[in-house]
1. Quick check on region 127-140: of everything there that is more than 16 Å from the ligand (Cβ to nearest atom) and part of a helix (DSSP H, G or I), which residue is surrounded by the fewest Cβ atoms within 10 Å (Cβ to Cβ)?
2. Mind checking whether some residue in region 34-50 is touching a helix residue (DSSP H, G or I) at 6+ places or on another chain (Cβ under 6 Å), assigned to a loop (DSSP other than H, G, I, E, B) and at pLDDT 95 or above?
3. Restricting to region 114-126, name every residue that is without any contact (Cβ under 8 Å) to a residue 60 or more places away in the chain and either within 21 Å of residue 183 (Cβ to Cβ) or more than 9 Å from the ligand (Cβ to nearest atom) (or both).
4. Could you tell me whether residue 337 is buried (at least 21 other Cβ atoms within 10 Å of the Cβ) and outside any helix (DSSP H, G or I)?
5. Only helices (runs of 4 or more DSSP H) wholly contained in region 189-307 count here; list those with 3 or more residues that are modelled with pLDDT of 95 or more and closer than 23 Å to residue 121 by Cα.
6. Scan region 180-191 and tell me whether some residue there is loosely packed, with under 15 Cβ neighbours inside 10 Å, touching a residue at least 24 places away in the same chain (Cβ under 8 Å), in the same structural domain as residue 224 (by TED's automatic domain parsing) and closer than 20 Å to residue 229 by Cβ.
7. Given the structure, is residue 259 closer than 30 Å to residue 88 by Cα and in contact with a helix residue (DSSP H, G or I) (Cβ under 9 Å, 6 or more places away or on another chain)?
Ligand code: G4P
């Protein structure tokens, strides 16, 4: 159960189901719902009439316009002066694409805890590889599943370890119980609110008489001696590389309604055909021959196996695309990590 706190809450439950064209659809992106990063959505690409998927290129340009990027970055830079450490939340399935490339520069030498969130949906072995690759003297990496709370209990010990020298130096100066402050950063939808709801204690920290604490900034207690800035720093990924946009779209971090979901599902099937997870094969009753088909044909096969047909008995590939994406996002096709260290 999430604790109710005073952090931006989504208005709508996400439904990534592109086939449903009600208001709920694709409305979740946290920054997606609270402060939409999508300033100007590109119109959804239309499939030209009388042209089949076999004739069209299977790529699309995914755009995400970070309207508030500069302002937010400035605010984060300002707030960073008040904290001793940064907690950076990444999606364990796409640790590279779900990170803001400027974070290292922004946090400039601050000790960091990287939380590989949604690790319940990621491949365990690859998560271990990421932990080794990202860990360093000033960076601790912990896999977490904020939805169930698994791994979250390791956060405070990791911080204590990371900041032990600093805590010790304060103690030597006579401050017996120094308070360490932490700031959370992460891209929209990576799980910042879920994490905050998990670890926050009921009472907000009192900020009134503490030097350096900006009026208006709210802090909450994470554990004895640790406080966290209430407003999570929302950063955006970089889209210079189209695979970044694509992977964020696969995992549901970008609204479906700005994309051609059939093209997206076809691209995802390109990967799933290679990975051949037992869950994927069984769920769609696929044969070895099916797995050798071009992905646009495989999508039609999946539609037929699922009984998703339109009048005339043709495969309803749009519905099948929505199903494949939904089921991938719910980890029903296996625990899949799309990026390697
Ligand atoms: P944000 O603040 O960074 O934008 O992300 P937020 O916490 O709102 O989480 C975005 C979605 O990711 C939520 O799903 C949340 O439940 C889910 N989520 C967060 N952490 C984990 C995790 O470790 N594992 C899994 N499987 N999911 C996680 P939602 O569909 O928007 O809402 P709801 O279904 O939880 O109500």
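The values are calculated or read from the model by the stated rules, or taken from the named source; none is laboratory data. Remember, predicted model here, so these are calculated numbers, not experimental data. As a convention, Cβ positions derive from the backbone with ideal geometry for all residues, glycine included, and neighbour counts pool all protein chains shown.
1. 132
2. no
3. If we filter region 114-126 for residues that are without any contact (Cβ under 8 Å) to a residue 60 or more places away in the chain, which is where we start, we get 114, 116, 119, 125.
If the condition is that a residue be without any contact (Cβ under 8 Å) to a residue 60 or more places away in the chain and either within 21 Å of residue 183 (Cβ to Cβ) or more than 9 Å from the ligand (Cβ to nearest atom) (or both), then 114, 116, 125 are the ones that fit.
4. Details: buried (at least 21 other Cβ atoms within 10 Å of the Cβ): yes; outside any helix (DSSP H, G or I): yes.
Criteria met by residue 337.
5. 261-275, 278-283
6. No, there is no match, as no residue in region 180-191 is loosely packed, with under 15 Cβ neighbours inside 10 Å, touching a residue at least 24 places away in the same chain (Cβ under 8 Å), in the same structural domain as residue 224 (by TED's automatic domain parsing) and closer than 20 Å to residue 229 by Cβ.
7. Taking the combined requirement at face value, the residue satisfies it.
Condition check ((1) more than 14 Å from the ligand (Cβ to nearest atom); (2) at pLDDT 90 or above; (3) surrounded by fewer than 17 Cβ atoms within 10 Å (Cβ to Cβ); (4) assigned to a loop (DSSP other than H, G, I, E, B)) across all residues:
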residue	(1), (2), (3), (4)
54	yes, no, yes, yes
75	yes, no, yes, no
101	yes, no, yes, yes
109	yes, no, yes, yes
142	no, yes, no, no
147	no, yes, yes, yes
155	no, yes, no, no
